[in-house]
Amino acid sequence: MHRTATMKDVARKAGVSTATVSHVLNGTRPVGSVLRDRVRQAVAELGYRPNFIARSLRRKGSGAVGVILIDDTNPFFSESTRGVKDAALENGYSVLVCNSEGDPDRENEFLELLAEKQVEGVILFNVRDSNLREAAGRRLAVPVVLVDRDGASRGMDSVVVDHYAGGMDAMEHLLSLGHGRIACIAGPSNSTPALLRLRAYANALRRAGIPYDKSLVYRGDFRSESGYAAIPFLFSDGKLPTALFAFNDLMAFGAITALAERGLRIPEDVSVVGYDDILLSSFFNPPLTTVAQPKKEMGRAAFGLLLDRINDESLPARSLRMNARLVVRKSTASPGASKGGDGSGCMR
Ligand code: RIB
């Protein structure tokens, strides 16, 4: 008779320990890409499915967790939340997603609502109000995991990406192509990831001996509209940057549309780098050079941390650090070049 594959079978087939299989499936610890692929392939070949029912029976709580994010129209959040949902499903949990629009009052309302629904834990994506994060732990009295905000100093679990290094990669790419007048569309001043990218922008210029010019910096809000609005400001009065670093892909899209309306070609007249690598970025015209965040992995890892905390509240707080990586596509080239990158989408 056909036997259902177990986690042990997956481990044996992939040639790894069951702990490694569990880390890959739950994202609780970074696992190198070679081992990760071997585990995923073994899972697929054996048709391994975690035993949801057994897990739900073992569980005492509601079987639901909450996610609060700040903009559900931004694919960065839906793609990251997808990782949470996948990991939750594998563990027999359902996920309630709330969109706060970054409004602290709404965030508080959602926290109340989630408490009423008796969720077993909450994942907070990029929630900007620091009081809220602390309040979240107290008011809900359930585990909280932060994503894209370091919880270490508050003794909270978190998943963070090295945005300073990501910003540096973007800038070094533009500088190595020969750009000297690089504008930037920054993010909100109350967003740590945005501030780290801005620090990288300024430091990369300084290292290259290029003075920081504040007329080349526009404060956006991570929405396409603000990327669009940035262009008249950054490209006015004969100022003509040859390159633009937008702190997320949506703002890069808005900027490219406004540049095209002015008759400027990407990348021949202006090179553009985004940040996030949302799915649409490789289908945009031109395909966007961008700094990729490991969105699904971040979501999976956040759920893994949450589950560990649900199961053992005495665990020491953990902060998982992940890396961003530059993906070169066709929106960047040397100043004055007639063609874009090779379009291979190669990672650096
Ligand atoms: O696109 C949303 C942005 O907000 C992302 O870059 C993420 O890191 C957050 O700070």
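The values are calculated or read from the model by the stated rules, or taken from the named source; none is laboratory data. Bear in mind the structure is a predicted one, so any value in this text is a computation, not a measurement. Here the Cβ is made from the backbone with ideal geometry for all residues, glycine too, and neighbour counts use every protein chain on show. To get the accessible areas, we keep the full protein, side chains included, count just its heavy atoms, and leave off ligands, DNA and RNA. Shrake-Rupley method; radii C 1.70, N 1.55, O 1.52, S 1.80 Å.
What distance in nm separates the two pseudo spin-label positions at F233 and S62, each 7 Å out from Cα along the beta-carbon direction?
So the label points at F233 and S62 sit 4.0 nm apart.
Quick check: residue separation of E45 and R154 times 0.36 nm, minus the Cα distance between them. What number comes out in nm?
Computed gain between E45 and R154 is 35.0 nm.
Using amide H atoms built 1.01 Å from N in the peptide plane, name the residues 5+ places from C98, or on other chains, whose amide H lies under 5 Å from its own.
V67, I68, L69
What FRET efficiency comes out for R206 versus T73 if R0 is 25 angstrom and r is the Cβ-Cβ distance? Round to the nearest 0.05.
According to the calculation, E is roughly 0.10.
Any idea of the accessible area per residue across the chain, 1.4 Å probe, to the nearest Å²?
46 Å²
Relative contact order of the chain: what whole-number percent is it, with Cα pairs under 8 angstrom and at least 6 residues apart?
18 percent
What's the angle, to the nearest 10 degrees (0 to 90), between helix 104-116's Cα axis and the longest principal axis of the chain?
On a 0 to 90 degree scale, this one is about 10.
For T18 and D269, calculate 0.36 nm times their separation in residues minus their Cα-Cα distance, and state this gained length in nm to one decimal.
Contour length minus Cα-Cα distance gives 85.1 nm.
For the peptides 6-14, 64-72, 31-39, what is the packing order when you average, over each peptide's residues, the other Cβ atoms within 10 Å and list the highest mean first?
64-72, 6-14, 31-39
Can you tell me, using C-alpha contacts under 8 Å and at least 6 residues apart, the relative contact order of region 276-340 as a whole percent?
With pairs under 8 Å counted, the relative contact order is 43 percent.
Express the carbon and sulfur contribution to the solvent-accessible surface of the chain as a percent, rounded to the nearest whole number, probe 1.4 angstrom.
Whole-percent figure for carbon plus sulfur exposure: 51.
Once a ≥ b ≥ c are taken as the square roots of the eigenvalues of the Cα gyration tensor of region 177-275, is the result rounded (a/c under 1.5), prolate (a/b larger than b/c) or oblate (a/b not larger than b/c)?
oblate
Among A337, A200, A255, whose mean-square fluctuation peaks in a Gaussian network model of the chain (Cα, cutoff 10 Å)?
A337
Across 10 Å bins from 0, what is the distribution of all Cα-Cα pair distances for the chain, in whole percents?
6, 24, 29, 22, 14, 5, 1, 0
How many nm separate the modelled label positions at E313 and Q118, each set 7 Å beyond the Cα in the direction of the Cβ?
According to this spin-label approximation, the distance is 1.6 nm.
Using a basic spin-label model with each label point 7 Å from the Cα along Cα→Cβ, how many nm lie between N190 and E225?
1.8 nm
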